[in-house]
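Here's the structure we're looking at; comments come further down.
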Amino acid sequence: MVTGWFTGDGDDFTLLGTRCSVCASVFFPREDAHCRNPGCAGGELAEIPLSRRGRVWSYTDSRYRPPSPYVTDPELPWEPCTLIAVELAAERIVVLGQAVPGVTVADLTVGAEVEVVPGVLHEDGETVFTTWRWRPTGVTA
Amino acid sequence: MTGEVAVLGAGMHPWGKWGRGFVEYGVTAARAALADAGLEWRDVGSIVGADTVRGGYPGYVAGATFAKALGWQGARVASVYAACASGAQAVAAARAQILAGLADVVLVVGADAAPKGFFRPAGGDRPDDPDWLRFRVLGATNPTYFGLYARRRMAVHGDTSEDFAQVKVKNSAMGALNPNARYRKRVTADEVAASAVVADPLRLLDICATSDGGAALVLSSMEFARRRGATAPVRIRAVSTVTPTYPNTVLDLPDIATDSAAAVEPTERTFRASIAHAAYQEAGIGPEDLSLAEVYDLSTALELQWYEDLGLCGEGEGAKLLREGATAAGGRIPVNMSGGLASFGEAVPAQAIAQVCELTWQLRGDAGQRQVEHARVGITANQGLFGHGSAVMAVR
Ligand SMILES: [Zn+2]
């Protein structure tokens, strides 16, 4: 589903993007076909790790269960899930992601530092779907 | 002035949850617009439909579906998909046909029967679709994006939840006066504050609902209008249909990330601002000349953003403009006198056409209790998924 969007475990977990060898534009989710900079003739798109830390651009939450294709167990009560848009300074890009479980909007402010960590999107008995999560730095849980 | 087309007719099917098919809504709106124009369907040389999804292949349909329902008469046909901007881009296609001399009279129709609850992408595993991905990977509904924008405004500009609520109070007061609106009840700030949080900081009454509805316009060449005795019709002077400029650095629906600005500096104007700017350039009219504006208030907070993107005030001054009453009835630049999406709800292919219907009635002086005095110039603005956005300028 999101093959090649991230790699590693624990403190080595990083999001993966691509970078154009001609104009140095960065793409996430990864762009493997063509550089999208209209001023660039186009070059090789090489995989690069994105910065592990960034600053909160904005945040919100989902108080109602999202519809499919988001996978949830309708038997269980819906637990609001927090979303954070994070600005990565070096890449000058904003990347949206879910916060780690337990982090609510009350724990966040625009401009606060967060870091990327691995998380489980859902499991279906056979497969564990890994994803990325944002976690405020200084929080370990 | 060259490049203008006449609006001879405007019509709607009232919005709500009627439980019927989109064809019925579209045909009702089309017949109303034709009657308003004093024309027969047989007089129409071309029909342009704003697309909707019909269950089953090929899914996206509009122009020919309405033509069949109205009775095949051999008209030229086109259908337009541009997400929430579909209606405005249908107007653009119709206008281009008229200006190119391909048709004298064009009927533009948009209608939909919206699903209950959240909009969601079509079924199947479709990881090449960014809209599917944001739901699958993040559970990021439309309201969560509106929540992100609202929270960002609070952090950067100092907007408050009370400011957002006042947008709903204003728009619901107008919707109460509009017989085509779904919600006809005035809402108080306390009622907004008492409604459930959907996507922090936005509450149920900050976010527009999904609705059924239809809207239609009859457009013609200026020459045809004169021949029919319409000496001073409402005229469409500009329709902007621009795409963003790389790098687009404001997180847009349905994307998971922005473009990176690592290699190219962003242009001065955001995508939303460029939509209005293109219309102003094309029309030779500036924000200071406007009598009214109809904007996509998908959320209350987003309406404040449009004030700035339309140039009605400076960046960060949207809430101030609202507090001053400038955008309310009787204000310097009334916004969403129709009641806006807050009062209509979303019927995606119809809503950008409905905005032009409201401009038409306002510029004719036919808007009843919602009438903006001495209305001469109006603008609409909308934005849809995947880099679609449009603004229409109409004058009298
Ligand atoms: Zn490049």
Can you pull out every residue in segment A:76-126 that is among the hydrophobic types (A, V, I, L, M, F, W, C), surrounded by fewer than 20 Cβ atoms within 10 Å (Cβ to Cβ) and in a strand (DSSP E or B)? A:Val117, A:Val120, A:Leu121
Within segment B:161-183, identify whether any single residue is in contact with a strand residue (DSSP E or B) (Cβ under 6 Å, 6 or more places away or on another chain) and in a loop (DSSP other than H, G, I, E, B), and answer yes or no. yes
Looking only at segment A:8-32, count how many residues are more than 11 Å from chain B (Cβ to nearest Cβ) and either assigned to a helix (DSSP H, G or I) or over 12 Å from the mean Cα position of the chain (by Cα) (or both). 7
Could you please find all residues in segment B:370-383 being open to solvent by 10 Å² or more (accessible area, probe 1.4 Å) and in a strand (DSSP E or B)? B:Val377, B:Gln383
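Name the residue that is nearest to the chain's Cα centre (by Cα), counting only residues in segment B:138-160 that are assigned to a loop (DSSP other than H, G, I, E, B) and among the polar types (S, T, N, Q).
That would be B:Thr141.
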Spot the failing condition for B:Val48; the list is (1) in a strand (DSSP E or B); (2) open to solvent by 50 Å² or more (accessible area, probe 1.4 Å), and only one is missed. (2)
Do we have any residue at all in segment B:286-304 that's closer than 26 Å to B:Thr28 by Cα, assigned to a strand (DSSP E or B), of a type outside the set (A, V, I, L, M, F, W, C) and at pLDDT 95 or above? yes
Residue under question is A:Trp78, and the condition is that it be in contact with a Ser or Thr (Cβ under 8 Å, 6 or more places away or on another chain) and within 11 Å of chain B (Cβ to nearest Cβ); does it hold? yes
Extreme residue, farthest from the ligand (Cβ to nearest atom), among residues of segment A:6-42 that are crowded, with 20+ Cβ neighbours inside 10 Å and aromatic (Phe, Trp, Tyr): A:Phe28
Filtering segment B:122-137 for residues that are outside any helix (DSSP H, G or I) and in contact (Cβ under 8 Å) with a residue 40 or more places away in the chain leaves a count of 1
Using the structure shown, decide if B:Ala225 is assigned to a helix (DSSP H, G or I), open to solvent by less than 20 Å² (accessible area, probe 1.4 Å) and touching a residue at least 40 places away in the same chain (Cβ under 8 Å). yes
Which is open to solvent by 60 Å² or more (accessible area, probe 1.4 Å) and within 14 Å of another protein chain (Cβ to nearest Cβ), of B:Ala122, B:Ala114, B:Ala100, B:Ala35? B:Ala122
Answer yes if at least one residue in segment B:257-270 is crowded, with 20+ Cβ neighbours inside 10 Å, modelled with pLDDT of 95 or more, over 22 Å from B:Trp361 (Cβ atoms) and touching a Leu at 6+ places or on another chain (Cβ under 6 Å), and no otherwise. yes
With the checklist (1) touching a strand residue (DSSP E or B) at 6+ places or on another chain (Cβ under 9 Å); (2) free of Cβ contacts under 8 Å to residues at least 60 places away in the same chain in hand, flag the one item A:Gly54 doesn't pass. (2)
Enumerate the pairs (first residue in segment B:325-337 and of a type in the set (Ser, Thr, Tyr); second residue anywhere and part of a loop (DSSP other than H, G, I, E, B)) with beta-carbon separation below 9 Å, excluding pairs fewer than 6 apart on the same chain, so at least 6 apart or on different chains. B:Thr327/B:Leu312; B:Thr327/B:Ile333; B:Thr327/B:Pro334; B:Thr327/B:Asn336
What's the total number of residues in segment A:58-75 that are of a type in the set (Ser, Thr, Tyr) and open to solvent by 20 Å² or more (accessible area, probe 1.4 Å)? 4
Just to verify a result, which residue in segment B:275-318, among those that are of a type in the set (D, E, K, R) and open to solvent by 10 Å² or more (accessible area, probe 1.4 Å), is farthest from B:Val239 (Cα to Cα)? B:Glu317
Here's a check for you: in segment A:43-57, which residue that is in a strand (DSSP E or B) and either open to solvent by less than 40 Å² (accessible area, probe 1.4 Å) or within 13 Å of another protein chain (Cβ to nearest Cβ) (or both) is farthest from A:His122 (Cα to Cα)? A:Leu45
B:Pro254 vs. criteria touching a Lys or Arg at 6+ places or on another chain (Cβ under 6 Å), within 14 Å of chain A (Cβ to nearest Cβ) and more than 22 Å from B:Ser46 (Cβ to Cβ): yes
Which members of segment B:138-193 meet the condition of being hydroxyl-bearing (Ser, Thr, Tyr) and either without any contact (Cβ under 8 Å) to a residue 12 or more places away in the chain or within 14 Å of another protein chain (Cβ to nearest Cβ) (or both)? B:Thr141, B:Thr144, B:Tyr145, B:Tyr149, B:Ser161
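The values are calculated or read from the model by the stated rules, or taken from the named source; none is laboratory data. Computed from a prediction, not measured in an experiment: that's the story for all the values here. No Cβ is skipped: glycine too gets one built from the backbone with ideal geometry, and neighbour counts run over all protein chains shown. Just the protein is used for accessible areas: all its heavy atoms, side chains included, with ligands, DNA and RNA removed. Shrake-Rupley method; radii C 1.70, N 1.55, O 1.52, S 1.80 Å.
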